[in-house]
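In what follows, a structure is listed as structure tokens, so that the remarks can point back to it.
Readers should treat all values here as calculations from the given coordinates under stated rules, not as data from a laboratory. Please read all numbers here as calculations on a predicted model, not as lab measurements. Counting neighbours? That spans all protein chains shown, and the Cβs are built from the backbone with ideal geometry, glycine included.
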Amino acid sequence: MRHIFLKTGFVRLGAAWWALTVLLFAPAFGQGLDLSNMDPSEPWNITADKLQYDNMTNTYRGSGNVLIWRSGYRMEADEAGFDRNNNSLWAVGNVTVKGGGDVVTGDRVYMDLATETGLVENGTLFIQATHFFVRGGRIEKLGAQSYRVDDASLTTCDPDDPDWVIKAANVKVTVGGYGTARNIVVKARKAPVFYSPYLVFPAKTERQTGLLPPQVSQSSRQGWGINQPFYKVMGESADMTLYAHPMEKRGVQAAAEMRYVLNPKSKGYIFGSYLQDRTRDDGVGNNSLDWGYENDLYLRPNQDRYWVAAKHDQQWKNGLKFRLDADFVSDQDYLRDFKDGYTGYSAVNREFAQEFGRDLDDYDETIRKNSLYLQKGWDSYSANAEAKWYDNVIARRFDEPDTTLQTLPFVGFSGTRQSLFGSFLAWEFDSGYSHFYREEGISGNRFDVNPRFVAPIDFGRYMSMETTVGLRETLYNVTTWDEEPSRDDRTFSREMYDLKTEFSSELVRVFNLRPGNGKIDKIRHAFTPSLSYNYRPDDDQEKYPLFDHVDRLEAKNHVTLALTNSLLGRSSVQRKENSIFPYEYKKLCWFEVSASYNINEANEEDASEWTEPHRRQPFSPVSARLELEPVQWLALESTTKWSPYSGNFVYNAHGVTLSGRGNELSAEYIKARESSETVLGKARFRLGESWSAYGGLERDLEAGERVRNYTGLIYEAACWAIDLGYSDEPGEQRYTLQFTLTGLGALGRSAAD
């Protein structure tokens with residue numbers, strides 16, 4: 001959820017002042033306030049070159065290197081005094097107060113505890129969390145929650161020579177209410193870039209309704225545009241952001257997003273956008289060339305365009321869980337047209353992934369999933385129900401026959417592995433009922449139950465065997481056939497079984513290395529060979545209805561050999577005593593090689609049943625998977641599959657990342673035989689202390705086409721940064737500009753987003 005930055009500085013100012021109050025006026029002087037996180041029994045410590053107490057006036061006075069401290073809090077001054085009768089304190093000369101990482105300095109400090117008023121002359125407040133410096137010629141505390149700052153300035157730069165600063169003649173703030181400022185000037189170096197004679201701003205400790213920074217954009221498909229968000233607080237546990245997004249070539253897009261929290265485990269997020277588009281892809285003139293996409297088989301004649309997406313998670317005290325996922329879009333091109341920016345697909349999908357752990361379908365997917373899910377778990381069992389509706393955008397938009405399979409609903413009950421009657425044997429099971437529906441095509445019901453029985457046996461320290469026998473019963477009832485004339489048979493039953501036996505071992509050795517400097521002092525090498533056999537009979541299943549993969553279970557009769565090596569490193573630096581793991585461990589390397597032998601294919605005489613019709617190939621491709629991270633700056637992942645018959649690699653996926661000292665270089669290559677070949681890369685390099693450059697590419701080598709290229713240049717000062725970039729995708733080129741003020745946030749967007 002986004003927040004308005006202006007409130008933060010003044011709320012922290014109030015908190016820092018109260019830290020000052022507690023620091024100065026607590027039990028050391030017999031009066032004052034306590035903080036809940038402080039030990040009341042801990043005394044204050046006071047030292048000075050000279051300490052005096054005047055019994056007549058009941059006044060303490062210290063002079064010369066006055067130091068008052070307690071855990072986490074500290075005050076220094078040339079002179080300080082406390083009047084117990086008037087309940088007031090003063091400090092003069094090089095006054096410095098530190099608390100919670102924040103620092104207040106000034107020439108003179110005066111505080112009246114009775115009226116909760118006070119004064120800091122020529123004061124500076126440093127807020128560590130945001131690196132804000134707030135200065136004032138005169139900082140007054142007017143009451144319990146009211147402040148006034150004359151000749152005020154705010155920056156996250158060096159306050160003595162700031163690259164940017166916000167100045168005001170005077171500022172009045174009531175924490176929990178509002179503040180006012182007069183004669184506000186924003187300066188870049190010495191040059192004024194913005195002026196306002198008067199400003200009212202929220203200074204509440206809670207989220208506050210108001211405008212958020214706009215986002216300016218420019219692209220070949222949208223022209224110039226500005227997206228202005230308005231943030232609305234709807235209570236303690238809900239808020240909304242409204243967006244107005246006028247675009248030079250498209251018109252005005254309106255959008256809204258709502259977030260709410262019902263309890264720590266129940267929350268939701270709803271997003272919607274609408275555009276009455278000035279353009280259309282209708283095949284007339286250059287419309288399709290300008291507003292359509294290559295390899296798009298369908299036009300986009302509609303101008304009424306929208307997108308609605310939502311997710312909701314709910315959990316009750318009894319452990320019952322509920323999930324909702326919704327995703328409806330007006331046409332197949334809308335999410336491609338609006339992929340970037342505040343209200344684009346990427347930002348919304350990122351929010352869903354971060355908050356709910358679930359992504360949306362890809363932006364170019366034309367069949368989009370919507371679902372309701374209910375789940376209840378116990379120690380060894382769980383029950384769940386789900387309704388899934390796949391919205392076929394093309395069929396809906398063009399009134400085509402919709403053969404999309406819908407599951408309305410699925411109800412399942414399963415049990416995790418557990419002992420069978422207290423013996424060494426174990427069992428587990430899955431079961432489920434599904435009602436399948438299609439607007440056009442076969443519909444019906446299916447009940448499926450699949451118990452599995454497990455027999456684990458250990459042969460000493462070096463070998464173990466596990467045998468699993470699975471039984472499966474599937475019942476069908478067809479309500480509608482996709483054949484004309486319709487078939488009369490509607491009820492079916494299928495009985496199947498499967499068998500798996502696996503032998504495995506693990507050989508381990510620990511190597512001691514020379515410790516020191518936090519580096520690895522021990523490496524654990526584990527070698528795990530395994531040999532498994534899988535069997536499922538080759539039963540004819542063509543007579544059964546086909547809804548999904550469960551209805552056509554592949555025959556199995558193969559042996560698989562896998563060899564796995566792993567290296568685990570242990571740091572020589574021991575963690576804190578209360579840590580669960582006393583040492584830090586790191587996976588240095590994981591490497592597995594596996595291959596299978598298909599007995600069915602070896603015995604099959606019918607060439608049409610072979611994997612490759614021209615040649616019997618009982619041996620599978622040899623698969624190798626490597627994950628390597630030997631040092632902090634290098635990470636490598638690689639998967640390859642090699643055919644022993646052709647002598648060629650039939651699949652390659654390789655990725656490498658180099659990083660360190662602010663530089664990063666990564667590349668990824670993926671090639672599947674007779675399918676696709678893609679290369680991706682991105683890089684960021686520092687070009688000195690303040691400059692850096694970045695870039696990236698994605699290219700479809702099979703089609704010889706670019707997917708996306710982008711590049712940019714960043715200048716980073718101590719308290720601000722500017723990012724100028726360019727991105728190029730088929731049909732759209734975009735220039736980007738992002739300006740960041742440290743502590744205040746960013747305006748615009750980066751080409752790398």
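Structure above, values below:
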quantity	calculated
Principal-axis tilt of helix 6-25 within the chain, Cα atoms, nearest 10 degrees	50 degrees
Candidate aspartates and glutamates for bridging to Lys232, where Cα separation is under 15 Å - those fewer than 8 sequence places away on the same chain excluded	Glu206, Glu257
Simple label model, 7 Å out from Cα along Cβ direction - Thr639 to Ala144, nm	6.2 nm
Cα Rg, Dmax, segment 599-649, angstrom units	16.9, 54
Candidate aspartates and glutamates for bridging to Lys172, where Cα separation is under 18 Å - those fewer than 8 sequence places away on the same chain excluded	Glu116, Glu121, Glu140, Asp150, Asp151
Assigned charges on the beta-carbon of Lys, Arg, Asp, Glu; the chain dipole about Cα centre (debye)	3140 debye
Extension gain from Gln218 to Arg417, taking 0.36 nm per residue of separation minus the Cα-Cα distance	65.9 nm
Of Lys586/Lys682; Lys522/Lys641; Lys267/Lys339; Lys388/Lys543; Lys190/Lys339; Lys141/Lys167, those spanning more than 28 Å from alpha-carbon to alpha-carbon	Lys522/Lys641; Lys190/Lys339
Cα centroid separation, segment 245-273 to segment 491-510 (Å)	47 Å
Cys with no candidate disulfide partner in the chain (beta-carbon separation under 4.7 Å rule)	Cys589
The chain: relative contact order in percent, alpha carbon pairs under 8 Å with at least 6 residues between	5 percent
Label-point separation in nm, Glu495 to Ala455, each point 7 Å along Cα→Cβ	2.1 nm
With Cα atoms, 0 to 90° folded angle of helix 345-356 axis to the chain main axis	90 degrees
Around Thr740: net Lys/Arg minus Asp/Glu count, Cβ-Cβ under 9 Å	-2
Per-pair calculated FRET efficiency, R0 = 41 Å: Tyr437 and Arg625 via Cβ, rounded to 0.05	0.55
Relative contact order [Cα under 8 Å, 6+ residues apart], segment 603-753, whole percent	10 percent
Relative contact order (percent, whole number), segment 251-320, Cα cutoff 8 Å, 6+ residue spacing	35 percent
Phi to ³J(HN,Hα) by Karplus 6.51 cos²θ - 1.76 cosθ + 1.60 over segment 431-438, Hz, x for Gly, Pro	8, x, 10, 10, 10, 9, 9, 10
At most 15 other Cβ within 10 Å, DSSP loop - chymotrypsin sites (Phe, Trp or Tyr not before Pro), segment 585-651	Trp633, Tyr645
Range of Cα positions in segment 147-304 per principal axis (Å), largest first	65, 47, 26
Cα centroid separation - segment 417-471 against segment 653-732, whole Å	45 Å
Among [x] -0.55, -0.70, -0.94, -1.05; [y] -0.51, -0.64, -0.91, -1.06; [z] -0.61, -0.81, -1.20, -1.35, the entry derived from the coordinates for log10 I(q)/I(0) by the Debye sum over Cα atoms at q = 0.06, 0.07, 0.09, 0.10 Å⁻¹	[z]
Cα-based radius of gyration of segment 708-753 once divided by 2.2 N^0.38 Å, which approximates compact folds	1.23
Computed helical MRE - 222 nm, the chain, DSSP H runs ≥ 4 contributing -39500 (n - 2.57), nearest 500	-2000 deg cm²/dmol
Label point distance in nm, Val508-Phe527, each placed 7 Å from Cα along Cα→Cβ	1.7 nm
Whole-Hz ³J(HN,Hα) from phi, Karplus 6.51 cos²θ - 1.76 cosθ + 1.60, for segment 102-111, glycine and proline x	8, 9, 10, 10, x, 7, 8, 10, 10, 9
Segment 463-468 - phi-based ³J(HN,Hα) in whole Hz, Karplus 6.51/-1.76/1.60, Gly and Pro as x	8, 9, 10, 9, 10, 10
Neighbour-count order for Tyr178, Tyr53, fewest beta carbons within 10 angstrom listed first	Tyr53, Tyr178
Projected-area mean, segment 512-600, by convex hull of Cα positions, square nanometres	10.1 nm²
Stretchable slack from Asn55 to Leu242, in nm (0.36 nm times residue separation minus alpha-carbon distance)	60.9 nm
Net +/- balance of residues flanking Gly251 in space, Cβ distance below 13 Å, scoring K and R +1, D and E -1	+2
Residues Val469 and Val679, FRET efficiency given R0 of 51 Å [Cβ-Cβ distance, rounded to 0.05]	0.65
